[in-house]
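Colleague: Handing you this structure, nothing more for now.
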């Protein structure tokens with residue numbers, strides 16, 4: 001697995017496999033960051049259920065100011081730290097070993113605010129809706145955030161969670177990316193199809 005774009009484009013990530021870890025496929029990661037291309041530079045990024053950190057590392061490569069990686073696996077966190085060290089990104093990457101739902105509460109209590117939050121947990125456990133519930137009070141979010149949840153195509157998530165509203169949904173193979181923002185209505189399905197692949201703010205016209 002390699003970094004796809006930005007200052008570390010082409011650099012190989014540490015290979016690692018463990019049951020329950022589901023690295024985002026390269027073509028999905030590329031699509032995600034094409035959509036977020038105008039948002040990620042200089043953003044504060046939160047990678048929840050980070051696994052070995054491929055999404056957050058991609059964000060840092062593409063100019064994110066900082067990234068916080070959260071995962072319950074000590075081994076996954078160790079791999080993320082190795083990747084950060086290899087890329088000389090330890091100063092801008094923070095790795096937290098712990099339950100993501102608890103860390104959403106804890107980081108909120110600590111006054112952290114993020115511009116982009118990515119939620120990429122194991123499938124079929126209902127963790128994307130549960131995490132969106134935790135984020136819905138807005139304490140952890142900047143004034144104009146984007147929250148992205150990755151779910152299997154057979155899973156469901158709600159239209160609204162507190163201050164967050166679904167503004168876009170894209171399907172890639174057997175998974176979907178759901179985009180939430182504050183106080184915006186979801187784009188129509190026809191508009192989503194026309195805009196598929198467009199590099200823009202999700203939900204913006």
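Colleague: Mind giving me the nanometre distance, one decimal, between the label points for residue 144 and residue 14, set 7 Å out from Cα along Cα→Cβ?
Modeller: 3.7
Colleague: Would you please give the FRET efficiency between residue 174 and residue 34, computed as 1/(1 + (r/R0)^6) with r the Cβ-Cβ distance and R0 = 25 Å, to the nearest 0.05?
Modeller: With a Förster radius of 25 Å, E is 0.80.
Colleague: Hey, another quick one. Given 25 °C and 0.890 mPa s, how large is the Stokes-Einstein diffusion coefficient of segment 90-157 in µm²/s, with Rh as the Kirkwood radius over Cα pairs?
Modeller: 191
Colleague: What list do you get for 52, 66, 80 if you sort them by fewest beta carbons within 10 Å?
Modeller: Neighbour counts put them in this order, fewest first: 66, 52, 80.
Colleague: May I pose another question? Provide 97, 156 in ascending order of the number of other Cβ atoms located within 10 Å of each residue's Cβ, fewest first.
Modeller: Exposure proxy ranking, most exposed first: 156, 97.
Colleague: How high is the FRET efficiency between residue 78 and residue 26 when r is their beta carbon distance and R₀ equals 22 Å, given to the nearest 0.05?
Modeller: 0.45
Colleague: Which order results if 172, 124, 49, 114 are arranged by neighbouring Cβ count within 10 Å, fewest first?
Modeller: 124, 172, 114, 49
Only the coordinates and a few stated rules stand behind these numbers; no lab work does. Keep in mind it's a predicted model, so treat the numbers as computed, not measured. Glycine also receives a Cβ, built like all others from the backbone with ideal geometry; neighbour counts cover every protein chain displayed.
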